[in-house]
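To keep things clear, I will list the structure first and then write my remarks on it.
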Amino acid sequence: MQAIEIARRMAELGNMEDARSAWFLALQEGGLPPEEELEAAVCLLQFGGNYQAAYTSFLNLYKRGCFCKECLEIMTTAFYEPNSKELRGRYARNVKLLKKYPYLFRKDFPDFDELPVRLYPYGEESYIPFFVRQEEFGELADIKKPVISRNFFKDLEKPILAADVYSQYELEYLRDNVRRSEDVARENHVYLHYTDWGVFCSWLQCLNLRPLLREEKLVFLIGDEISQYPIDFKGRFGIDYSQYPLKPVGLREMNRMIWLSQLSSHNGINFFGEIFDGHPNLITLPAVGLQETMDTLAEAREALKKCANMSQACAGLSMIPRYLVQELYLTPDPTGKNLLLASLIANSDYTTGLDPAARIVPALVFQPHFGNITYKLGIDDQDQTTIFSEAYEEIRKNPIFQVFKYIKTVAPLRRPTTSYAASVKYMRRNAEAGKKDSRGMYTVLADEITRRITNRSYLIDWQDRLFQDSVLARFEDAKLNPRATFTALAAFLDIPYAESLSYCSKAGERDPETLKGDERGFSLKAVYEPYDEYINNAERVFIEYFMRDAYRAYGYDFQYYDGQPMGEARAEQLIDGFDTIDLHIRKSWEISMRKTLLDVKDSGGAYIGGYFMGKIVTSEEEIQNQLEKGIQQELSIAHENRLRVAKLLLRDLHFVNKNGQPLRIMPLLELDPALLEQPLYH
C-alpha cells in the first residue's frame with residue numbers, strides 16, 4: 001500500500017497523527033500524480049502537519065504549471081496574508097528612514113500594494129519572491145543565511161561597489177568590515193547599486209535598514225546612477241576625508257575569522273597557513289594547540305584583572321600597543337577574542353605585510369591544532385550511523401569561535417592513503433625520538449588506520465554555523481596549481497588576490513621548515529612520495545574502499561581498490577594483512593616500554609631488577625615476556641576494533657547528525673580551468 005493510501009485510511013479512522021506522517025512521507029518520496037500531490041499537501045497543511053513540506057509542494061506544482069490558480073490562492077491565504085501586516089509595517093519604517101537618508105538620491109517610493117514583488121514568508125527569515133507582473137515565483141532567499149556569496153573585496157583600489165545585495169547578513173557584513181572613511185583618511189563608502197528601483201523597494205518589506213544606515217557608510221545608486229561611482233565627496237558634499245588622521249584598527253572592528261580546519265593529521269594545514277602569511281588583509285596565527293592558546297589567554301585575562309589602573313595595565317602589558325591596552329582595560333570582561341587579537345597585533349611576526357591603510361578590516365586566520373583527531377561511530381535509535389568527535393565539540397563550543405560574527409571555513413584535504421602514511425611516519429619518528437605526549441607518556445603509535453577511516457570530517461552538518469560557509473581545498477591542487485587554487489580561495493574568502501599568496505612564508509621568512517624534515521615551499525615530494533615503508537597495499541585498499549565517498553566527491557582515482565564488492569570476509573582478509581602498521585605499532589611500543597623501565601635497587605644501593613609494567617622483573621627474558629604480552633594485547637585490541645568498525649561501515653556510508661539529519665559532503669573548491677598550470681591531480 002502506498003503512503004498516500006495509508007494516509008487516507010488513517011484519516012478515515014481518525015488517526016490524524018499517523019495520517020500526517022503518511023502524507024509527509026508521500027510528499028518526501030515524490031512521484032505522485034499532480035492531483036495526489038495537491039491532495040497530500042492540502043491535507044498536511046489543513047491537519048497541522050509539516051507546513052514547509054506542504055508549502056514546497058504548492059510551489060513546485062505552480063512552477064510546473066499544475067493547479068496554478070488553486071496553489072497561488074492557498075499560498076496567499078495561508079502564508080502571505082497572515083504576514084502582510086508585518087511586511088507592510090517594515091516597508092513603511094524603511095521608507096521613512098530612506099526618505100531622510102542623504103545618500104539615496106531617489107525618493108519616489110511606490111505604495112505597498114503597487115510593489116512589483118510580493119514576498120511570501122517561508123521560514124523565520126526566508127522568503128520566496130513572487131513577481132506579480134510575470135506571475136512567476138523566484139528562488140528561496142534566506143536573508144540571514146551566514147554565507148558571504150561573492151568576492152566583494154576583490155579589488156581595493158577603489159571604494160567597494162556591489163550590485164543587488166538583498167541579504168541582511170551580507171549588508172551587515174559590508175557595514176562591519178569596510179572601514180569608515182574618517183578612519184582611513186580617504187573616501188571609503190560602500191556603494192550599493194540596484195538595477196531595478198521597484199525590485200529594490202520590494203525587498204524593503206523584509207530588510208532591517210535602521211542599523212545599516214546609522215553610520216551613513218552606505219551609498220545607494222539606482223539604475224543609471226551607477227555613472228556617479230565613485231562620488232567626489234569633497235566636491236559634492238564638502239567633506240574632505242584626507243584631513244583626518246589614519247586610525248589603527250580597533251579590536252571591536254575585527255569580527256571576521258578564517259578557520260583553517262584540521263580535518264586530520266598531515267593534510268597540509270601548515271602549508272596553507274604559510275601561504276596566508278604576509279597577506280595585506282590577514283593576521284595569520286600559525287598552528288598552535290587550542291588548549292595552549294586558551295591557557296595563555298586565561299593568564300592574560302587574570303593579569304589584566306589585577307591591574308588597579310591604566311598605568312599598571314600598560315606596564316603589565318607593555319608589549320601591546322597602548323591604544324589596544326586601553327580598549328582591553330575599559331572593557332568590563334575582555335573576551336578571549338580581543339585578548340588574542342591584541343597579542344597578535346602586538347607581534348610583528350603575525351602582521352607581516354599587513355596594510356594599515358587598507359579599506360577593509362583584516363581577518364584572523366585561526367588554525368587551532370590537536371595532537372589527534374579522533375571520531376567515534378555509533379548507531380542511533382533509528383538504526384542510522386552517527387559520528388562524534390571530542391576535538392570538534394571543543395571547537396564548536398569554544399568562546400572565541402562563538403564571538404566572531406563572520407566565519408569562513410577552509411579544510412585542506414590530502415589523498416587519504418598518502419596522508420595516512422605520512423602520519424605513521426611522523427608518529428614513528430616521535431617514538432624513536434623519545435617524545436612524550438600531553439600526559440607525560442612516551443609516544444606510541446595509535447591504530448592510525450582505524451582512526452583514519454572513522455574520520456569523516458569532510459562530511460558537514462548543514463545545521464552547524466561553522467560549516468555553512470565552508471570549502472574543501474585539495475593539498476595536491478595547491479601544490480600543482482597554486483595560481484588557480486589561491487585565486488579561487490581568495491575569491492571564496494573575500495580577500496584580494498595578492499603576491500603573498502604565490503609563496504610560502506612564516507613571519508616573513510620565505511619557504512620555512514615548519515616541522516623538521518618537512519618539504520619546503522612548493523616541493524612536490526609530498527604529493528608523489530609513496531611512503532612504502534609506512535603503508536602496504538592491503539592498508540591502501542582498505543582505506544580507499546572505506547573512504548570511497550571522499551575519493552569520488554573530491555576527484556581522487558582509486559589506485560589500489562579494484563572496484564569489486566567488499567564483504568566481511570574480504571575486509572577481514574585485508575585486516576589480517578596489515579603487517580606494516582602492526583610492525584610500527586610493535587616497534588613504538590618496544591621503544592616506549594624500554595624507556596619506561598625503572599631500575600630497582602636494594603637498601604644497599606645494589607641493582608636487583610627493573611620495575612616494568614607494574615611488576616619487578618629480574619632478567620632480560622622476563623622483560624621480553626612482559627613486553628611481548630603487552631604488545632600482543634595492544635595488537636589484539638586493534639584487530640578487534642578494525643573488524644568492528646569495518647562491519648559498521650559495510651552497512652553503508654550514510655551518516656547523520658545528532659538530530660538525525662543527513663550529513664553532507666563539504667563543497668570542493670572549484671578551480672578556473674584557464675588558470676591551471678598542470679592537469680588536475682587524480
(request) Provide a single number: the residues in the stretch 232-255 that are open to solvent by less than 10 Å² (accessible area, probe 1.4 Å) and touching a strand residue (DSSP E or B) at 6+ places or on another chain (Cβ under 7 Å). (result) 1
(request) Give me a count of the residues in the stretch 187-228 that are of a type in the set (Lys, Arg), open to solvent by 40 Å² or more (accessible area, probe 1.4 Å) and within 25 Å of residue 357 (Cβ to Cβ). (result) 1
(request) Determine which single condition residue 274 fails, assuming it passes every other condition in (1) closer than 30 Å to residue 173 by Cβ; (2) assigned to a helix (DSSP H, G or I); (3) out of contact with any Ser or Thr (no Cβ under 7 Å at 6 or more places or on another chain); (4) open to solvent by less than 40 Å² (accessible area, probe 1.4 Å). (result) (3)
(message) Please count how many residues of the stretch 457-504 are polar (S, T, N, Q), over 30 Å from residue 393 (Cα atoms), in contact (Cβ under 8 Å) with a residue 60 or more places away in the chain and surrounded by fewer than 21 Cβ atoms within 10 Å (Cβ to Cβ).
(response) 2
(message) Given the criterion modelled with pLDDT under 90, out of contact with any Leu (no Cβ under 7 Å at 6 or more places or on another chain) and open to solvent by less than 30 Å² (accessible area, probe 1.4 Å), identify the matching residue among 649, 627.
(response) 627
(request) Tell me which residues, restricted to the stretch 60-112, are open to solvent by 20 Å² or more (accessible area, probe 1.4 Å) and among the aliphatic types (A, V, I, L, M). (result) 72, 74, 78, 92, 97
(request) For residues that are more than 30 Å from residue 385 (Cα to Cα) and part of a helix (DSSP H, G or I), tally how many sit in the stretch 649-681. (result) 3
(request) Search the stretch 45-59 for residues being open to solvent by 20 Å² or more (accessible area, probe 1.4 Å) and among the hydroxyl-bearing types (Ser, Thr, Tyr), and hand back the single one that is farthest from residue 32 (Cα to Cα). (result) 51
(request) Using the structure shown, decide if residue 53 is touching a residue at least 12 places away in the same chain (Cβ under 8 Å), farther than 22 Å from residue 122 by Cβ and under 38 Å from the mean Cα position of the chain (by Cα). (result) no
(request) Identify the residue in the stretch 279-292 that is open to solvent by 20 Å² or more (accessible area, probe 1.4 Å) and part of a loop (DSSP other than H, G, I, E, B) and, among all such residues, is farthest from residue 413 (Cα to Cα). (result) 280
(message) Quick check on the stretch 141-159. Is at least one of its residues surrounded by 13 or more Cβ atoms within 10 Å (Cβ to Cβ), closer than 20 Å to residue 97 by Cα and of a type in the set (Asp, Glu)?
(response) no
(request) Only strands (runs of 3 or more DSSP E) wholly contained in the stretch 308-394 count here; list those with 2 or more residues that are open to solvent by 20 Å² or more (accessible area, probe 1.4 Å) and closer than 30 Å to residue 651 by Cα. (result) 376-379, 385-388
(request) Scan the stretch 169-186 for residues that are of a type in the set (Phe, Trp, Tyr) and open to solvent by less than 10 Å² (accessible area, probe 1.4 Å) and jot them down. (result) 173
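The values are calculated or read from the model by the stated rules, or taken from the named source; none is laboratory data. Everything quoted here is computed from the prediction, not taken from an experiment. Please note: Cβ atoms are built from the backbone with ideal geometry, for glycine as well, and neighbour counts cover all protein chains shown. Heavy atoms of the whole protein, side chains included, go into the accessibility calculation; ligands, DNA and RNA do not. Shrake-Rupley method; radii C 1.70, N 1.55, O 1.52, S 1.80 Å.
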